[in-house]
Amino acid sequence: MGRLVRRRLLQAIPLILGVIVLNFGLIQLAPGTMLDVVTSEQQISDPAQIERLRALYGMDQPPIVQLGKYILSVIQLDFGYSYRHNDEVLSVIAQHLPGTLILMFAAMSIAIVVGVSAGIVAAAKLNMAWDAIISLAVVFFFAAPTFWLGIMLTIVFSVQLGWLPIGGMFTIGADFGPLGWLWDLIRHLILPATSLGLFYAAIYARVARASVLEVARLDFVRTARAKGLSGSRVLIAHVVRNALLPVVTMFGLQLSTVLGGSVVIEAVFSWPGIGSLMVDAVMSRNYPVVLGVFVLSAVVVVFANLLVDLAYYKLDPRIKEKA
Amino acid sequence: MKTISRRTTLLAALATTALTLLAPMGATAQEDPQPSRTLLATWGGFEPQAVFVPAGGGGSPEFTSTKILEPMLEADDELNFEPVLATAVTPSEDFMSYTITIREGVTWHDGTPFTTDDVVFNAMEYWKGVVASAAFQFLTGAEATGENEVTLTFSQPTPEFFLKSALVRVLVIPKHIYEGTEFATNEANNAPIGTGPFVFEEWVRGSHIEYSKNENYWADGQPYADGLIIRYWRDPSSRTAAFEAGEVDIGVYNPIPAADIDRLGAMDEFATSTGGYLTSAWASTIEFNSRNPIVSEVPVRQAIMHAIDKAFIADVIYSGKAVPGTSFVSSSNSKFYSDDVPQYAYDPELAAQMLDEAGYPVGDDGTRFSIELVAAGWFEENAQIGQYVKQALGDIGIEANLNVPDRPSSFRTIYGEYAYDIALSNHSAPAELVPVQTNFVTTSGILKGVPFRNASGYSNPELDAIVENLTSETDEAVRAELAHEMQTILAEDLPITILVEHTSTTVASADVKGYDHLANILANSWAGLWIDESE
């Protein structure tokens, strides 16, 4: 397993480098620069001051030099300085990262638990009422835009019923103590995580249903039944374990898209995460932050895929044998 | 038939009399400001780039910084000047100098006393050097001439309304924090220290900014609210839900969609108000690039204005939350607005005829000429106006290639590269025309790369002279006449004009009090806002 981890980490280096080079190039191609935004917002018209700012941001050097310097800085874990925030990029990202990680973790937990359970139930009750209900729900949550679902859930649970807060991560200015703090966070998290998670739950439900049905037809399952095992034991111990492999693959692939999906949910629920930071950074051409977030996303995806590989290692004995 | 007894009549009369006497008392009691809980606010825009942007930075940092930092004066809803950090601003007889008397006993939030040194520093280093307001262009010196007095001297006569308007807009920053530093990157911009009613506490980016009450505020009993929290939702519908769930007390600058403004406004729990935008009227503008030989021709511009139905833009695109523009100056500007200028009624046939006469007949391909139409991407309505104008111009045979760049690209396209023939943009103008509004049309306003200046390249010596006179003329009646002359020239030449004036609306819970008389609700300190918790 150690070799697998080392190999994956080594493979991550060219990947992250590629992400930096590609995104740096894309940023250079975008019309308008950070200097345009800064001089516009600050109403700076003095050419000397503009040149001073250009030098301050390192924009007076050729792009290739800027890129080289940036890569060298990243190797030293220096992601640059966000002049818009008056702070180090790493610090700015660190302020937003916990919000996004919490939201991603909660949403994916909902997606996996709800989606996989629904898929298994639908497969187990094939062509029965439960299957039809779950299939209908899957189509609905897959088709419903997450921002619309978020607003609808808000109207029902916050406006009409008044059960849950409407936005933010915590009750501002409140001091509830450690347990109260956690409960406050959970209350704020329920609606955004559900809005985001149900879309992915719909995908997992479809994958899990199809996978369970496929595995249920295999010979070893028939053998397990022939041995006299109960239906539920066959389903849980033999079918589901093997049917989970595509779900795990899907999980790894979707972690990066959840990061993208959180942009919309953060806007609806005023959730202070990476998504809103990214939108602001792109709109203000705040390159250091944009690149920092891209690199971070690449690292998240690399680690997510590493986790998926490790999960495969545990779930599928054949991979363990190959390793 | 049931008859009414004498006793019933007497009781009814007594009750009516008692109610008549009690009602005003009740109303008065209700309107007396009371200390109240923390005020929860939002606004119809995005989060600021910094809590305070020394050079301005637009409405968002203006909203967040003016609760902490204060100006010398403020304007009321009749454009009278009220004292804030200055208790008096007195011109000399020749208007070549002004004496500012500063308020005594004011301290910065870190406990440092506010002194005349702060005012001298602000005048010379900040107002003149960084804000670069035209009112301070001719400022030659600032000197403490008494314990609480500072005298500003100018190289030419400076009109009183002109200077006082500037003193309403510029904030006073602490010398001991900013002296010797790069203002734009000073760390205090994200945690300002001011003299205002609220003290900065925390900024959770993507969520909210929290302020606490300034217990040492100079105005007795104020601020009434125990604190202030400005919350941000990117999605306007989420703001509507926040209002309905009671998570926001007040929102300024159209915080929710137009349909929701009408719906909430009809409910007893909410109040809507269009007051508070007197000195910051927003408008959608159309600007013709004088560098293009075709649209630089005045008859072509006039024809195009006849082809655009401004009422349609106001009614359909803005859902009635706008009114057609009639001059270069907004109609809300009671000081300088005049509609006694040439008007261009919607008449596409006349427009087509004028283009024929100007030498641009419809060609074989069905068009007269083509233009680059740029709609600035900072308001989504601009894109819709762009679509409409493209169609309207198409109806009279002008092919318009519409481009809606995002915000940074719009700055570059319109104000940096002048890469447009017709631009659809916006401006927000204070009551005083110089310099914010005149910068759009004067020759000195042509500053490549600087937004919200003269991008059309229009240069008219007659107009420049009028603006110069506006800068130095001290008789307000003469200034109003000069402003009228300016509007007439601009209505004829049409380098830039207003398509529609936005009707900005404040939405608030019915129990929020103290905001409906303000001239500029966004830039007010909100010391006088409170929540009636008796209901």
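With the Kirkwood sum run over all distinct C-alpha pairs, chain B has a hydrodynamic radius of 25.2 Å.
Residues whose amide H falls under 5 Å from that of B:PHE369, counting only those 5 or more places apart or on a different chain, are B:GLU399, with hydrogens built in the peptide plane. Computed from the C-beta positions of A:ILE186 and B:PHE138 and an R0 of 60 Å, the FRET efficiency is 0.45 to the nearest 0.05. One compactness figure for chain A is 1.21, namely its Cα radius of gyration divided by 2.2 N^0.38 Å. The distance between label points at B:ASP364 and A:LEU22 comes to 4.9 nm (points 7 Å beyond Cα on the Cα→Cβ vector). Need one word for the range B:63-161: rounded, prolate or oblate. Basis is the Cα gyration tensor (sqrt eigenvalues a ≥ b ≥ c); a/c below 1.5 gives rounded, then a/b vs b/c decides. Verdict is rounded for the range B:63-161.
How many percent of all Cα-Cα pairs in the range B:407-534 sit more than 22 Å apart? Tail of the P(r) past 22 Å holds 51 percent of the pairs. The Rg/Rh ratio of the range A:116-173, with both radii computed over alpha carbons and Rh defined as the Kirkwood radius, is 1.17.
Once both labels are positioned 7 Å from their Cα atoms along Cα-to-Cβ, the gap between A:ALA30 and B:GLU201 label points is 3.4 nm. Cross-link check: pairs B:LYS213/B:LYS513; B:LYS67/B:LYS513; B:LYS175/B:LYS213; B:LYS164/B:LYS335; A:LYS227/A:LYS314; B:LYS128/B:LYS164 evaluated at a Cα-Cα cut-off of 20 Å; pairs beyond the cut-off: B:LYS175/B:LYS213; A:LYS227/A:LYS314. Taking the C-alpha atoms only, the angle from helix A:47-56 to the longest principal axis of chain A is near 50 degrees.
Extension gain for the segment B:ASN401 to B:ALA259, taken as residue separation times 0.36 nm less the Cα-Cα distance, is 48.0 nm to one decimal. In terms of its C-alpha gyration tensor, the protein assembly as shown comes out prolate, because a/c is 1.5 or above and the ratio a/b outweighs b/c.
Put the Cα centre of the range B:421-464 next to the Cα centre of the range A:226-245 and the gap is 75 Å. Stokes-Einstein diffusion for the range B:296-383 at 25 °C, viscosity 0.890 mPa s, with a Kirkwood radius from C-alpha pairs, works out to 162 µm²/s. Neighbours of B:PRO174, meaning other residues whose beta-carbon lies under 11 angstrom from its beta-carbon, give a summed charge of -3 when Lys and Arg score +1 and Asp and Glu score -1. Residue exposure proxy: B:ARG239, B:ARG453, A:ARG217, ordered by other Cβ atoms within 10 angstrom of their Cβ from fewest to most, comes out as A:ARG217, B:ARG453, B:ARG239. Placing a pseudo-label 7 Å from each Cα along the Cα-to-Cβ vector at B:ARG291 and A:LEU10 gives an inter-label distance of 5.6 nm.
Average 1/r across all pairs of distinct alpha carbons in the range A:1-76, invert it, and you get the Kirkwood radius: 14.9 Å. In a fully extended conformation the segment linking B:GLN156 and B:GLU468 would gain 111.2 nm over its present Cα-Cα distance, using 0.36 nm per residue. Which of the aspartates and glutamates could be linked to A:LYS125 by a straight reach, that is with a Cα gap under 20 Å, when you skip same-chain ones fewer than 8 residues away? Within the straight-line limit of under 20 Å, A:LYS125 reaches these aspartates and glutamates: A:GLU214.
Which of rounded, prolate or oblate describes the range A:244-323 when judged by the alpha-carbon gyration tensor and an a/c cut-off of 1.5? It comes out prolate by the Cα gyration axes. Normalised size of the range A:172-275, defined as Cα radius of gyration per 2.2 N^0.38 Å with N residues, equals 1.54.
Every number in this text was worked out from the coordinates using simple rules, so none of it is lab data. As the structure is a computational prediction, the values presented were derived from the model and not from experiment. With ideal geometry, Cβ positions are generated from the backbone for all residues, glycine too; neighbour counts draw on all protein chains shown.
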